[in-house]
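Below is one structure, written out as structure tokens; comments come after it.
The values are calculated or read from the model by the stated rules, or taken from the named source; none is laboratory data. Worth saying up front: this structure is predicted, and the values here are computed from it rather than measured. Every residue, glycine among them, receives a Cβ derived from its backbone with ideal geometry; neighbour counts consider all protein chains shown. Keep in mind that these areas ignore ligands, DNA and RNA; they rest on the heavy atoms of the full protein, side chains included. Shrake-Rupley method; radii C 1.70, N 1.55, O 1.52, S 1.80 Å.
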Amino acid sequence: TCKVNFPDPNKLHYFQLTVTPDEGYYQGGKFLFETEVPDAYNMVPPKVKCLTRIWHPNITETGEICL
């Protein structure tokens, strides 16, 4: 289950996503991510950061997403 939140409705390029998995290893968890889509999107990727402390091989200790 996902929920999108726009902290500033005038900045649609910045939003927060709350993920609450219904199944799997992270079932019952609640994970908050922030996403910022740059003006040069399509040539520059969005910046995504996990604000919830979590152990995952693709998320650094400070929350940056590594793909």
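Tell me which residues, restricted to segment 3-26, are under 20 Å from GLY63 (Cα atoms), surrounded by fewer than 10 Cβ atoms within 10 Å (Cβ to Cβ) and either at pLDDT 95 or above or not aromatic (Phe, Trp, Tyr) (or both).
VAL4, PRO7
Are any residues in segment 27-46 open to solvent by 70 Å² or more (accessible area, probe 1.4 Å), closer than 18 Å to CYS2 by Cα and not small (Gly, Ala, Ser), and if so, which ones?
Across segment 27-46, the qualifying residues are GLN27, LYS30, GLU36.
Hey, could you check segment 50-67 for residues that are open to solvent by 70 Å² or more (accessible area, probe 1.4 Å) and not β-branched (Val, Ile, Thr) and say which is nearest to LEU17 (Cα to Cα)?
Looking at residues that are open to solvent by 70 Å² or more (accessible area, probe 1.4 Å) and not β-branched (Val, Ile, Thr), I get LEU51.
How many residues are polar (S, T, N, Q) and either at positive phi or touching a helix residue (DSSP H, G or I) at 6+ places or on another chain (Cβ under 9 Å) (or both) when one looks only at segment 11-59?
The number of residues fulfilling the criteria is 1.
Where in the chain are there strands (runs of 3 or more DSSP E), lying wholly inside it, with at least 2 residues that are touching a Ser or Thr at 6+ places or on another chain (Cβ under 6 Å)?
Strands (runs of 3 or more DSSP E) meeting the threshold: 31-36.
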